[in-house]
Amino acid sequence: MEQKAPFREIALGSEMTRRAAVQRLALVLGGTLIAPSILLESCTRAAESVGTGDPERIAFLNAIADTILPRTEKSGGAADANVGAFIDLMLADCYSQEHRDAVNAGLVALDEAADAAAGTTFTAATAFYREDILKKVDEERSKAEGLHYFSVLRELTLLGYFTSEIGCTEALDYQPVPGRYDGAAPVTEETRLMA
């Protein structure tokens, strides 16, 4: 009497019939056809969304971001990296309606503060007025409890800038393949953080 190998019973169950082979083949092929469509469906919203795309809003967000991270002698500013478009897209795609409403109300408040201080919009105001307004807003944010729009804008500005090409290559010391580890590397005022 022939003894069946136990691993064969585990792997195949019983004797393989034509019907079982066709069913298993259909299961394998069906999985390979369905899995990519499920993955692609999860990406459709991000592919379709482009934020608001309003040029005035993006210019306004760029003005705020550039006040937070201005251009220096050695690196471009947040406006050079077009962080305003990044903020607009992130707010539209990744933040809740509560966050979007808070930021939109905050943008209106910033424009009103600029009008009261400089008699113009925040975008058209000088760097002096912009910095003064944002310092006051930051003080207000530090005393506030819960969600504050300036926290969201500041976080997105830093994220957008330091993940942009300008931020990685000009502000940080970008090294695609770092060299050897040196635990006692000399650090001076000119040393930049490594990206």
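Taken together, the values in this text are just the output of simple stated rules run on the coordinates, not laboratory data. This one's a predicted model, so the numbers in the text were calculated from it and none came from an experiment. For neighbour counting, all protein chains shown are included, and Cβ atoms are generated from backbone atoms with ideal geometry for every residue, glycine included.
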Please name whichever of TYR129, PRO55, GLY106 sits farthest to the positive end of the charge dipole of the range 41-156, dipole taken about the Cα centre and charges placed at Cβ: Lys and Arg +1, Asp and Glu -1. TYR129
Residue order, fewest to most surrounding Cβ atoms within 10 angstrom, among MET16, MET90: MET16, MET90
Spatial separation of Cα centroids for the range 77-94 and the range 113-127, in angstrom: 21
Likely footprinting exposure, ARG100, ARG180, ARG18, fewest C-beta neighbours within 10 Å first: ARG180, ARG18, ARG100
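Give me the tail of P(r) for the range 97-195 as a percent: Cα-Cα pairs with distance above 21 Å.
Details: 2600 of 4851 pairs.
Tail fraction, whole percent: 54.
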